[in-house]
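Single-structure report; data block below.
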Amino acid sequence: MNPRLSAEWEVQDGVLLAWPHEDTDWAYMLDDVRPVFAEIILRITRFERVVLVAPSAASARNYLAGSGIDLERVVICELPTNDTWARDFGPITVIFNGKPVLLDFGFNGWGLKFAANHDNLISKRLKELGALTPNLKTVGLILEGGSIESDGLGTILTTTECLLSPNRNPQLDKSEVEQALAALLGARRVLWLNHGFLAGDDTDSHIDTLARICPGNTIVYTACDDPRDEHYQALKLMEGELAAFRAPDGSPYRLIPLPWPKARFDDQAHRLPATYANFLVINGAVLVPAYRDEEKDGLAMECIGQAFPGREVIGIDCLPLLEQHGSLHCVTMQLPQGVLP
């Protein structure tokens, strides 16, 4: 029996997040970023539970108590953390013999760019605390959740820039990475994107910033319509690659381009990686990052709504998250049905 990596839109027990605190890179802007986390938690808890990791459970709980959140639906686990990117250090859940199994891949700070000594241990420590129910298997492979997309049926979408990074698994070539994805995630085929990037992205082109698999053989993707923009050529080449891909039944994917948000820069004039592809699918809803761009924010929500008919589409102001080069999907990791006690 092979494992199966479920699709994000399958039924979930909850979502994992990590609280921004004084020892993270958010220290200089906690007053700006904590409201974003509180809003994400508020929206999720309308539909399912939240597991929140924080070095001080009392501090996080006190902040959230004034945010209108039903704290009965939030489990706060007191653990040390380096940062807040739960997508990439959180457990990846596969279904094996009909039951969820947690895979604890290695996390090395996106190819040794940042400290990850605490974050790399979070999945193991959550299991030790009893916050996660299934068996947990430690895997000797570096892999971040933001680097892979699954249709739940054996298709994995990813990028060569990330999965073949020499600072992740240099001992493996492309074929060996595919074999590992087959053995661990049940990948029957891997769709590789060779093009596409976002300036300011620290992840080596995580797929969740560029293209997302959706139900019904649909892919929504980041598209640039400005020929003067530095991203235009690479994203056009990526669009061509997506058009050439075939769904498991041999048909072309239904492709939905996402709008190109207004360019955002930090106070040193470095471009920030704004993308609408970094949305989160939860039970009954899709949470979509917004960047205070009234026209494009609304259009992005419409496009994503086309890919997820019947789900409520909810925009969340994620402009502050861009300051540390991530967005909504990056700070969350879904926990499928059967993962929480």
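Computed from the coordinates by the stated procedures, all read-outs in this text should not be read as laboratory data. Just so you know, these numbers come straight off a predicted model, no measurement behind them. All Cβ positions, glycine included, derive from the backbone under ideal geometry; neighbour counts span all protein chains shown.
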Check which residues have an amide H placed less than 5 Å from MET333's amide H, if you skip close sequence neighbours. LEU16
Phi to ³J(HN,Hα) by Karplus 6.51 cos²θ - 1.76 cosθ + 1.60 over segment 213-230, Hz, x for Gly, Pro: 7, 10, x, x, 6, 10, 10, 9, 8, 6, 10, 10, 9, 10, x, 7, 7, 5
Tell me which residues come under 5 Å, amide H to amide H, from ILE142 once H is placed; ignore anything under 5 positions away on its chain. GLY106
Count charges around ALA290 for me, please; just the other residues with Cβ under 10 Å from its Cβ, Lys/Arg as +1, Asp/Glu as -1. -2
Which cross-chain or sequence-distant (5 or more) residues have an amide H under 5 Å from the amide H of ILE282, H modelled 1.01 Å from N in plane? LEU287
Using the Karplus curve 6.51 cos²θ - 1.76 cosθ + 1.60 with θ = phi - 60°, work out ³J(HN,Hα) for each residue of segment 185-190 in order, rounded to whole Hz, and write x for Gly and Pro. 10, x, 5, 8, 7, 10
What residues from segment 44-67 fall in the zone where the backbone N is under 17 Å from a label point 7 Å along the Cα-to-C-beta line of THR133? 48-51
FRET efficiency for ASP32 and LEU172, Cβ-Cβ distance as r, R0 = 51 Å, nearest 0.05? 0.80
Charge tally for neighbours of GLY111 with beta carbon under 10 Å away, counting Lys, Arg as +1 and Asp, Glu as -1, is -1
With θ set to phi - 60°, apply the Karplus curve 6.51 cos²θ - 1.76 cosθ + 1.60 along segment 246-251 and write out the HN-Hα couplings as whole Hz, x wherever there is a Gly or Pro. 10, 5, x, 8, x, 8
Size of the dipole of segment 241-316 about the Cα centre, Lys and Arg at +1 and Asp and Glu at -1 on the beta carbon, nothing else charged, in debye to 20? 140
Considering only C-alpha atoms, what is the centroid distance from segment 291-341 to segment 153-215, in Å? 21
Residues of segment 253-276 with amide N under 18 Å of a point placed 7 Å along Cα→Cβ from TYR232: 258-264
I want to verify a result. In a Gaussian network model of the chain, Cα cutoff 10 Å, which of these has the top mean-square fluctuation: GLY14, GLY154, GLY216? GLY216
Residue (of ALA199, THR222, PHE107) at the positive-pole extreme of the chain, dipole from beta-carbon charges: PHE107
Can you give the net charge of the other residues whose Cβ lies under 11 Å from the Cβ of SER165, counting K and R as +1 and D and E as -1? -1
Report the Rg/Rh value for segment 4-336, based on alpha-carbon coordinates and the Kirkwood definition of Rh. 0.93
Determine the gain in length on full extension of the stretch LEU153-ALA183; use 0.36 nm per residue of separation and subtract their C-alpha separation, reporting nm with one decimal. 9.4 nm
